[in-house]
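What follows draws every value from the coordinates through simple rules; no lab data is involved. Keep in mind that this is a model prediction, so the values were computed, not measured. Here Cβ is always computed from backbone atoms with ideal geometry, including for glycine, and neighbour counts include all displayed protein chains.
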Amino acid sequence: MKYIDLKSDACTGCSACANKCPSKAILISQDQCGFYVPQIDFEKCTDCGLCGKTCPVGHKKEFECSDFKIKAYAAYAKDEVIRRESSSGGVFSELAHHVLDKNGIVYGAAFDENFKVVHIGIRRKEELVRLRGSKYVQSFISETLYAEIKEALECETQVLFSGTPCQIAGLRSYLQKDYPNLLSVDLICHGVPSPKFFADYLICLENKYGKIKQYFFRDKNKSWKIFNSKVITERKNIIKYMGQDFYLYLYLNHLQPLLRKSCYQCEFASKGPISDITIGDFWGYQASKTLPDDDRGLNCVLCSTSRGEAFFEAVKKKFNCEIHGLEEIEKGNPVLLHPVKYSPRDRDEFWDVFFKKGIGGIRKIYYSPSLKYRLILFLKFNCSWFYNLLRRVYRLVK
Ligand SMILES: Cc1cc2nc3c(=O)[nH]c(=O)nc-3n(C[C@H](O)[C@H](O)[C@H](O)COP(=O)(O)OP(=O)(O)OC[C@H]3O[C@@H](n4cnc5c(N)ncnc54)[C@H](O)[C@@H]3O)c2cc1C
């Protein structure tokens with residue numbers, strides 16, 4: 001067995017090649033850092049070359065949605081529970097409901113029983129809770145998932161496929177044609193962290209708090225803008241704000257080395273959409289008369305095709321929303337313009353420590369929130385009214 005002959009740094013791990021292979025000669029395994037990579041079994045391989053032809057890397061233009069002037073919105077779900085349980089404003093869940101109401105299938109990222117993040121399809125609203133919420137780690141796409149989606153599309157079932165932009169590219173490249181009953185929804189994405197790193201982090205948590213029953217990367221009960229994670233273990237419920245949760249701290253302060261190498265040169269997440277609808281957090285939103293800036297979660301929504309716009313229009317009554325300029329959204333989310341910066345030295349150093357000393361070694365070197373940082377977060381998290389008062393006084397004095 002050998003890794004697929006791709007420029008491996010550019011491979012996104014979208015699994016399109018493995019799904020396409022007629023001899024089932026490609027398996028998706030994990031590389032040394034834990035990222036998903038295709039592996040060819042040369043005993044089964046017939047050298048047909050379909051894997052290489054299906055790889056979407058370098059072929060973005062073929063999938064780009066360029067027939068439509070993007071319409072951008074700020075939106076959040078009127079349903080309070082959906083909004084609270086979602087990472088941003090709950091737009092994904094309402095789009096999904098619309099598809100499930102039509103007996104369709106919704107695909108997205110969920111935890112499996114071992115807390116591995118995997119892409120699954122659901123048909124019932126009760127299952128939607130599994131897809132809800134961002135999982136800040138690369139999600140696994142099986143070697144048969146796109147084939148399953150194709151089958152559903154050929155049977156004229158309405159399908160919503162959600163994921164990172166590279167996963168949408170993977171599916172579209174696998175399908176090789178447009179299906180009117182497919183709605184693609186991608187996330188604004190600055191990159192995906194390593195599944196192995198996250199798995200090791202969960203082991204640390206289990207050693208400290210006991211068996212984990214549920215993990216939420218973002219718990220919004222106190223704030224949307226301050227990232228809080230929530231861990232439910234056999235012994236207790238723990239909510240950690242971003243200075244306390246080591247994984248979140250790294251994610252927000254030392255994100256770059258944690259990401260897959262292809263993310264630094266991602267062609268799918270920026271400059272020119274490849275999905276019908278793109279959703280993200282509306283960072284930098286300025287409150288208007290229609291929508292408050294209430295820190296309870298707000299999506300930005302970009303409709304990039306007439307199909308996406310028609311779909312959003314059909315669900316719009318479920319949202320409080322208003323139209324916005326694309327530039328405003330790009331300002332808060334520069335990843336829509338260019339991928340995250342890459343420092344090979346920082347990355348190599350990070351993984352070197354991880355290979356030699358494990359997550360404990362990383363913690364010692366990279367986890368160093370200053371007293372000021374901790375204090376600000378503590379105030380923001382525990383006494384937001386006092387924090388806001390201090391900020392106002394500070395601004396007045398300044
Ligand atoms: C790795 C990652 C990076 C992101 N980076 C940014 C960013 O830089 N800026 C920004 O504005 N928004 C980013 N987002 C998106 C944001 O966190 C919300 O997911 C998005 O705004 C949708 O929010 P929601 O409230 O509508 O739905 P939610 O219910 O919060 O989101 C659910 C949706 O996210 C999908 N999803 C969750 N985890 C994954 C995963 N690991 N891989 C693929 N799909 C997943 C589900 O399939 C579903 O479609 C990122 C999300 C992820 C997973």
- Among GLN256, GLN214, GLN39, the residue with the largest mean-square fluctuation in a Gaussian network model of the chain built from Cα contacts under 10 Å is GLN214
- Note on the structure: For the stretch 273-283, Karplus-derived ³J(HN,Hα) couplings (6.51, -1.76, 1.60; θ = phi - 60°; whole Hz; x for glycine and proline) come out as x, 10, 10, 5, 9, 10, 10, x, 7, 8, 6
- Based solely on its DSSP helices, what 222 nm [θ] is calculated for the chain when runs of n ≥ 4 H residues each add -39,500 (n - 2.57) and the sum is averaged over all residues, nearest 500 deg cm²/dmol? -10500 deg cm²/dmol
- Tell me, CYS55, CYS266 in order of fewest to most beta-carbon neighbours within 10 Å? CYS55, CYS266
- List, in the order given, every pair from LYS116/LYS213; LYS196/LYS357; LYS135/LYS341; LYS240/LYS356; LYS78/LYS220 whose Cα-Cα distance in the structure shown is over 19 Å. LYS135/LYS341; LYS240/LYS356
- Over 19 Å between Cα atoms, which of LYS71/LYS271; LYS125/LYS318; LYS211/LYS380; LYS71/LYS317; LYS222/LYS372 qualify? LYS211/LYS380; LYS222/LYS372
- Message: Going Cα to Cα from LYS331, which aspartates and glutamates come in below 15 Å? Please leave out same-chain ones fewer than 8 positions away.
- Response: ASP281
- Note on the structure: Net charge (Lys, Arg +1; Asp, Glu -1) of residues whose beta-carbon lies under 13 Å from that of GLN138, GLN138 excluded, is +4
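Taking the Cα centre of the chain as origin, work out the dipole magnitude from +1 charges on Lys and Arg Cβ and -1 charges on Asp and Glu Cβ, in debye rounded to 20. Each step should come with its number before you reach the end.
Working: 60 positive and 46 negative charges, 360 e Å.
The dipole magnitude comes to about 1720 debye.
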- Query: What net charge do the residues around LEU302 carry, taking every other residue with its C-beta under 13 Å from that of LEU302, with Lys and Arg at +1 and Asp and Glu at -1?
  - Reply: -4
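Using alpha-carbon pairs under 8 Å, 6+ residues apart, how would you state the relative contact order of the stretch 38-149 in percent? Could you put the intermediate results ahead of the total?
Numbers: 90 pairs, mean separation 19.2, N = 112.
It comes to 17 percent, rounded to a whole number.
Please state the relative contact order of the stretch 1-76 as a whole percent: Cα pairs under 8 Å, 6+ residues apart? Walk me through the numbers on the way to the answer.
Working: 81 pairs, mean separation 24.1, N = 76.
Here the relative contact order equals 32 percent.
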- Query: What are the residues whose amide H is under 5 Å from the amide H of TYR179, where those residues sit 5 or more places off or on another chain and H is modelled from the backbone?
  - Reply: none
- Query: Ranked from highest to lowest mean number of other Cβ atoms within 10 Å per residue, what is the order of the peptides 382-395, 145-158?
  - Reply: 145-158, 382-395
